[in-house]
Amino acid sequence: MPILKRIALLALPLLTFTGCAFATGGDSVVTGALFSHYGTSGALGTATAAKTGEACATSIVGLIALGDASTTAARQSGGITQISYVEHRVTSVLTLYARTCTVVVGQ
């Protein structure tokens with residue numbers, strides 16, 4: 001089999017899965033077909049940065065998605081009543097696994 005056909009056969013599954021396990025967070029969306037790992041800032045508040053809470057959601061091949069990455073869940077996990085700022089962390093690997101986390105900092 002010619003090398004070009006082999007490459008096409010190997011690349012086809014990757015192209016069909018692109019976007020299946022997709023994570024976004026914050027105000028931006030950045031995707032990499034092989035790997036993504038980034039953080040973005042979110043809302044700003046007036047409280048001091050004394051405590052941190054985190055909440056995550058995970059997707060596997062776009063077929064299974066579990067978790068609660070809401071600001072409320074992150075705030076509750078850190079025992080935060082007043083928010084200083086919110087960040088989002090996103091990771092995806094080969095569009096087969098994706099995870100987005102919301103990090104709330106406050107007091």
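Quick note: the coordinates plus some simple rules give every number you see, no bench work behind them. Predicted model, so just to flag it, every value in this text is computed and none were measured. Positions of Cβ are generated from backbone atoms using ideal geometry, with glycine treated the same way; all protein chains shown enter the neighbour counts.
Between Val61 and Ile3, take the C-beta separation as r, use R0 = 41 Å, and let me know the FRET efficiency to the nearest 0.05.
With a Förster radius of 41 Å, E is 0.90.
When His88, His37 are ordered from fewest to most other Cβ atoms inside 10 Å of their Cβ, what list results?
Listed from fewest to most nearby Cβ atoms, that is His37, His88.
Mind giving me the nanometre distance, one decimal, between the label points for Ala33 and Thr72, set 7 Å out from Cα along Cα→Cβ?
3.9
Report the calculated FRET efficiency for Ala49 and Leu96 (r = Cβ-Cβ distance, R0 = 41 Å), to the nearest 0.05.
0.70
How about the range 25-107: which trypsin sites (Lys or Arg not before Pro) there lie in a loop by DSSP and see at most 14 other Cβ atoms within 10 Å?
Answer in residue order: no site qualifies.
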